[in-house]
Structures are given as C-alpha cells and as structure tokens.
1. Might you work out the accessible area of Ser35 for me, using a 1.4 Å probe with all protein chains in place, and round it to the nearest 10 Å²?
2. What fraction of the DSSP beta bridges in the chain is antiparallel, stated in percent and rounded to the nearest 5?
3. For the chain, what mean projected area does the convex hull of the alpha carbons give, in nm²?
4. Please compute the net charge surrounding Gly19, taking Lys and Arg as +1 and Asp and Glu as -1 over other residues with Cβ under 12 Å from its Cβ.
5. Counting only other residues whose beta carbon sits under 13 Å from that of Asp93, what net charge do I get with K and R as +1, D and E as -1?
6. Check which residues have an amide H placed less than 5 Å from Leu270's amide H, if you skip close sequence neighbours.
7. So, in nm, how far is label Ala100 from label Leu253 when the simple model puts each one 7 Å beyond its Cα toward the Cβ?
8. With every protein chain left in place, what is the accessible area per residue of the chain in square angstrom, probe 1.4 Å?
Amino acid sequence: MIYRQLGNSALEVSVLAFGAWQLGDANYWGDVSASDADAAVAAAIDGGVNLFDTAEIYGDGASEQALGKALGDRRERVLIASKVSPQHCAPADLRQSCEASLKRLGTDRIDLYQIHWPFYAEPFVDQKGNQSPGVATFAEALEELGKLKAAGKIRAIGVSNFGKNDLSAWADAGEVASNQIGYNLLFRCPEYEVIPVTRRCGASVLAYMPLMQGLLTGKYDNIDSIPKLRRRSRHFSSEREGTRHGESGCEELLMDTVHELREFAEAVGLDLATVAIAWLVMQPGVASVITGARSAAQIEHNIAAAILDLGPAANAQLNEIAFPLKERLGTNCDLWQGAADCRVK
Ligand SMILES: NC(=O)c1ccc[n+]([C@@H]2O[C@H](COP(=O)([O-])OP(=O)(O)OC[C@H]3O[C@@H](n4cnc5c(N)ncnc54)[C@H](OP(=O)(O)O)[C@@H]3O)[C@@H](O)[C@H]2O)c1
C-alpha cells in the first residue's frame with residue numbers, strides 16, 4: 001500500500017479508502033450481510049487500507065453502526081472519517097451529531113470529521129422555491145469543531161462538496177485537511193476550479209465515486225441496465241426517473257466514452273475498474289480514492305488497482321479519451337443538480 005499525508009494534518013492515509021455507505025443502506029445498494037461486511041473490512045485492513053469513510057446520514061446511522069461493528073477490535077489500526085450533515089452544523093447540533101456518531105461507531109474519537117455539504121448562516125430560497133433555514137457561520141462551526149478537537153473527540157477537520165468560494169471562505173476562517181468530492185474519469189469537472197483551490201488551501205482531495213457507482217467497471221452495456229438510483233447524475237437525461245438537474249444529459253457520449261475506456265483497458269491487459277482507480281490515484285491533489293465495496297473480492301481488486309503505476313503515457317491517453325465528456329459537462333461540480341441550483345459553489 002502507498003500512504004500520503006492528508007493536507008496539512010498529521011494523518012497519513014492509504015491511497016485507497018474504504019467507503020462504508022454500502023454497508024448500511026440496503027435501499028440504495030442492496031443487502032450486505034454482517035459476515036460480508038466483516039470479510040470486506042478484514043480484506044481492506046490486510047491489504048493496508050487505513051481510511052474508512054462513513055456519514056451520519058448513510059442509512060440514517062446504520063452505516064456508522066455497521067462499520068463500528070465490522071471494525072471491532074481492529075479499530076485501533078485504522079482511521080475513521082465521518083460526516084456531519086449541513087443542517088446539523090449550528091454549534092450545539094454539531095456537538096450532538098458528533099457524540100451520536102461516536103456512539104454508533106463504538107469509538108472515542110473520529111479521526112477526520114467532515115462537513116458533508118456546505119451550509120449557510122442566512123436562510124435562502126433556491127431557484128425552485130425550496131426554502132433552507134440559516135444554520136451558522138463557518139466561524140461558529142469551526143469554533144465548535146475546535147472544541148471537539150481540543151477534547152480529543154475529533155483529530156482533523158475536513159469538508160465535502162465545497163466549491164471554490166465556500167472552500168476559500170472556510171479556509172480563511174480555520175482548518176481544512178481535505179475536501180471530499182465526486183471525481184472520476186467520467187466526471188472531471190473538479191479539475192477546472194475545485195481541485196486547484198483545494199490544493200491552494202493546503203488541503204487534499206478525497207475522491208468519491210471513483211467507479212461512477214459501477215459504470216466504470218464496464219458491467220453495464222447500456223443505460224437501461226443501470227439501476228435507477230445510480231442513473232440520476234447530470235450525465236443522464238432529465239427524463240430519467242429520480243433526476244433533478246433539468247438538463248438534457250449526454251447519455252450517448254457517456255456510453256461511447258465508457259466503451260472507449262474499456263477498449264483502452266483491454267488493449268493494455270487490464271479491466272476498466274483497475275484503470276479507473278489507478279488513473280484517479282495519480283491525479284494531482286488526490287490523497288485517497290474512496291471505493292465502495294460490498295465484498296472482500298471487490299476491495300482486494302481495488303487495492304491492487306490503487307498500487308498500480310499506469311505511467312504518464314497511459315494517463316495522457318485516458319485524459320484524451322475522457323476529454324469530450326469533461327468539456328460537455330462543464331464546470332458545474334454538482335453531480336446531481338443543474339447550474340442554477342448548483343450546491344458546489
Ligand atoms: N461525500 C459525499 O457526498 C459522498 C457521496 C457518495 C459517496 N461517498 C463515499 O464514497 C464511497 C463510495 O461510493 P460511491 O457512491 O462513490 O460509489 P463507487 O465507489 O463509485 O461505486 C461503488 C460500487 O461499485 C461496485 N464495485 C466496487 N468495486 C468493484 C469491483 N472491484 N468490481 C466490480 N464492481 C465494483 C459495487 O457495486 P455493486 O453494488 O453493484 O456490487 C459498489 O457498490 C461511499 O461508500 C461513501 O463513503 C461520499
């Protein structure tokens with residue numbers, strides 16, 4: 001395994017991280033039995049993975065609970081990253097959320113505590129008329145996070161889905177070790193602004209959705225075979241059930257890109273999932289790639305991919321294949337909402 005420093009923090013994280021959403025949200029991902037979860041976590045630790053990511057919202061706490069259980073007495077060997085939901089970021093709520101997460105995880109500290117999505121002090125109404133109440137200023141939340149840190153309940157502070165303005169404002173107000181963002185060969189929007197700004201703030205990128213929820217394994221030959229919940233991003237037509245971006249999508253270009261990437265992988269004797277993970281690990285600013293894995297076999301496969309050096313020529317070729325899609329999706333880093341409602345600002 002390869003390890004990298006997480007931003008300016010004291011944490012050294014493995015380049016592959018274990019995403020535990022899959023362990024506790026059967027409605028979205030399907031069932032993962034306790035024995036499969038245990039085997040997947042054991043395989044990850046045996047392969048050198050030391051970062052495990054979860055959130056209070058995943059399965060309404062079930063992911064944190066399943067992760068805590070699966071880690072058991074192996075907890076001291078790993079780093080746990082969890083997330084507080086934006087509506088819980090007023091100081092008293094933040095403390096309560098943190099305490100509840102600690103309890104569900106069965107631990108006395110969260111190594112990386114992340115703000116799941118940006119929140120704001122002023123109430124606002126989005127373009128569709130949805131009302132959001134004001135929560136807190138970044139400075140107020142940071143002050144409370146500082147207290148949690150001083151009490152040893154959290155070790156480092158991170159954010160997630162923060163765009164250039166929010167990230168700059170957060171970094172001006174206090175500490176940020178990492179920005180967890182959606183980033184993969186089929187979604188390179190963060191390269192325009194978010195990654196450069198993250199690096200400028202001295203923070204690292206934690207890349208989620210490296211396999212585009214399975215599409216980058218090559219197992220779906222056409223759009224109709226993709227499970228409904230996994231085809232809601234801006235790549236897909238707004239006529240697809242569950243989408244909320246109101247855009248036309250780019251389904252043909254998406255599938256053409258997947259096929260071209262798969263052909264490239266086959267030509268170099270690899271599978272598409274391996275190429276997708278290996279490419280992501282070598283992108284500037286990325287400290288770790290968070291893959292959701294539902295079995296030991298999947299995590300073992302992903303570990304082998306993360307330590308593979310594809311080299312600069314392959315990197316350049318992959319960038320070229322994926323470029324038309326990058327250009328088509330533009331700079332909006334919100335995977336699920338259109339430019340007018342973009343939350344990654
Ligand atoms: N911060 C955020 O807002 C945010 C948002 C989303 C996710 N995340 C984090 O990122 C983690 C990863 O989830 P994701 O949504 O990003 O999805 P992902 O990692 O792109 O895809 C996960 C899915 O890919 C399939 N898979 C994984 N390894 C495979 C392999 N070797 N061969 C074949 N299929 C494989 C599995 O699909 P099957 O289920 O079909 O087996 C798995 O459920 C989550 O657990 C969570 O921790 C964070």
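The values are calculated or read from the model by the stated rules, or taken from the named source; none is laboratory data. Values in this document were obtained by computation on a predicted structure and should not be read as measured data. Quick reminder, even Gly has a Cβ in these numbers, built from the backbone with ideal geometry, and neighbours come from all protein chains shown. Areas reflect the complete protein model, heavy atoms only, side chains present, ligands, DNA and RNA absent. Shrake-Rupley method; radii C 1.70, N 1.55, O 1.52, S 1.80 Å.
1. 80
2. Antiparallel: roughly 15 percent of the beta bridges in the chain.
3. Seen from a random direction, the Cα hull of the chain projects 15.6 nm² on average.
4. Net local charge, Gly19 excluded: 0.
5. -3
6. For Leu270, no residues qualify.
7. About 4.1 nm, to one decimal.
8. Normalised by residue count, the accessible surface of the chain is 41 Å².
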